[in-house]
Amino acid sequence: MSKKTVKIIKIDVDKCNGCRACEMICSAFHASPKYSSNNPQRSRVRVIRDPLNDVYLPVYAGEYTPSECKGRDKYVIDGKEYDECSFCRASCPSRDLFKEPDSGLPLKCDMCEDEEEPLCVTWCLAKALTYEEREEEREEEPQLGEIETGLEALVNRHGLQKVMDTVARLSKKG
């Protein structure tokens, strides 16, 4: 067992006003080059909105899951019914949420890597998002790297043979 720093973004739903500043700064930070454009589909945080009932819920991208979930529970908030997918953080085959718009690769919140705190927290004027770090004891598990995760997503979407053919073709060009 070892100690690991766990970084989390806490969400206070009662404070969120649906301004979407978190989405905008996240998409700008993840543009290439940084801050060169603003495409909300690149954002690792999305605000689930129901403005008529004054309900706004920031949801940030979690782990990729290669298959659809089995649960289809319904939640009622202030009289409006939501399905379980509305609040799910996973990128999965059943929806386009949290997928890179150009490649279709899954997106995951990276806590803005080298920044002091995630920019969505910094730019949240309503203070609905707060950043916390804490030490936890955990067993170390081997994790897939970014390349492996991306390749796995491509294989799941297009099939192993097509990915291998594409890599072979690209390696001949290089």
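Assorted remarks:
- If the condition is being part of a loop (DSSP other than H, G, I, E, B), under 15 Å from the mean Cα position of the chain (by Cα) and within 15 Å of residue 59 (Cα to Cα), then the stretch 104-153 contributes 107, 108, 109, 110, 111, 118.
- Only one entry in 87, 98 is surrounded by 12 or more Cβ atoms within 10 Å (Cβ to Cβ) and at positive phi, namely 98.
For (1) at pLDDT 90 or above; (2) closer than 21 Å to residue 81 by Cα; (3) surrounded by 12 or more Cβ atoms within 10 Å (Cβ to Cβ), each residue gets a yes or a no:
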| position | (1), (2), (3) |
| --- | --- |
| 5 | no, no, no |
| 16 | yes, yes, yes |
| 23 | yes, no, yes |
| 27 | yes, no, yes |
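- In the stretch 132-171, the qualifying residues are those that are surrounded by fewer than 11 Cβ atoms within 10 Å (Cβ to Cβ) and of a type outside the set (D, E, K, R), and the one that is farthest from residue 104 (Cα to Cα) is 142.
- Residue match in the stretch 32-39 (condition: crowded, with 16+ Cβ neighbours inside 10 Å and of a type outside the set (A, V, I, L, M, F, W, C)): no
The values are calculated or read from the model by the stated rules, or taken from the named source; none is laboratory data. Values in this document were obtained by computation on a predicted structure and should not be read as measured data. Virtual Cβ from ideal backbone geometry, glycine too; neighbours counted across all protein chains shown.
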